[in-house]
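Participant: Dumping the structure here so I can ask a few things about it.
Every read-out reported here was derived from the displayed coordinates using simple, explicitly stated rules and does not represent laboratory data. Just so we're clear, the structure is a prediction, and the values are computed from it rather than from any experiment. Every residue, glycine among them, receives a Cβ derived from its backbone with ideal geometry; neighbour counts consider all protein chains shown.
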Amino acid sequence: MPIPAFSYFKAPVTNTVPFKEINLLQVYHLLKGNQFAQCTSTLRSITDKQEARKYKASVFDYVTFSGTFSKRNDKSLLRHSGLITIDFDHIGNVSELKDRLLKDEYFETELLFVSPSGDGLKWVIPIDLTKAKHHDYFKAIANYIKHTYQLEVDQSGKDVSRACFLAEDAGAFINPKYL
């Protein structure tokens, strides 16, 4: 089974030219390693929201889980990965939601990790583009989450070129089929 691949970008977020192509397993090892430990710890110690947002945008490397790009914008998609990222922000109980998502009856979790801020989750799940477009999947999944989990998801996930910042998460989950 091929491991889904997508673009990896070096910080800052204003850098829209990919550094390399990377796959799900490689990202999992980065999340569990200590490459992002210092910047994650620093971000989580910043109390001012604006300052934290600026720090994250300037220091964190990021990926576009939904595909490989020549440049980070929707029109520059070279190949869709078959993945979509659902971003949960400002969650009261992160570990409880993580457990619930891992047991979700409709979506198989490919990757799940705590967001850089520490109070959210990044849920990477597969989508089948022969059945619907990326944008339509996003709307349907957001609606499903609202009804099943009573949660709103970050609407920016509807963009195929959405940047997803990588943070240190020793408890990151990857689908065991990749191990």
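Participant: So which of LYS56/LYS146; LYS103/LYS158; LYS54/LYS139; LYS10/LYS146 end up more than 25 Å apart by C-alpha?
Facilitator: LYS56/LYS146; LYS54/LYS139; LYS10/LYS146
Participant: In the Gaussian network model of the chain, springs joining C-alpha atoms below 10 Å, which of LYS56, LYS71, LYS146 carries the largest mean-square fluctuation?
Facilitator: Of LYS56, LYS71, LYS146, the Gaussian network model singles out LYS146 as fluctuating most.
Participant: Let me check the size of the chain from its C-alpha atoms; what are the radius of gyration and Dmax in Å?
Facilitator: Every Cα atom of the chain included, Rg and Dmax give 15.3, 44 Å.
Participant: Could you let me know the centre-to-centre spacing of the range 126-165 and the range 46-116, using Cα atoms, in angstrom?
Facilitator: Measuring centre to centre over Cα atoms gives 11 Å.
Participant: Please give the calculated 222 nm ellipticity per residue for the chain, where each DSSP H segment of at least 4 residues contributes -39500 (n - 2.57) and the sum is spread over every residue; nearest 500 deg cm²/dmol?
Facilitator: Mean residue ellipticity at 222 nm (helix-derived): -9000 deg cm²/dmol.
Participant: A further question on this structure: Highest GNM mean-square fluctuation, the chain, Cα pairs closer than 10 Å: which of TYR144, TYR28, TYR62?
Facilitator: Result for the chain, Cα springs under 10 Å: TYR144 fluctuates most.
Participant: If I model a spin label as a point 7 Å beyond the Cα along the Cα-Cβ vector, how far apart are those points for ASP87 and LEU102 in nm?
Facilitator: 2.4
Participant: Between GLN155 and LYS49, how high is the FRET efficiency from 1/(1 + (r/R0)^6) when r is the Cβ-Cβ distance and R₀ = 22 Å? Nearest 0.05.
Facilitator: 0.75
Participant: Then there's this: May I ask you to evaluate 6.51 cos²θ - 1.76 cosθ + 1.60, the Karplus curve with θ = phi - 60°, for each residue of the range 4-13 and list the ³J(HN,Hα) values in order in whole Hz, giving x for glycine and proline?
Facilitator: Listing the rounded values in order: x, 10, 6, 8, 10, 10, 7, 4, x, 5 Hz.
Participant: Calculate, for LEU78 and GLN35, the FRET efficiency according to 1/(1 + (r/R0)^6) with r their C-beta to C-beta distance and R0 35 Å; round to the nearest 0.05.
Facilitator: Once the sixth-power term is evaluated, E becomes 0.85.
Participant: Cut-off 10 angstrom, C-alpha nodes, Gaussian network model of the chain. Which of THR85, THR64, THR16 fluctuates the most?
Facilitator: Between THR85, THR64, THR16, it is THR16 that shows the largest mean-square fluctuation.
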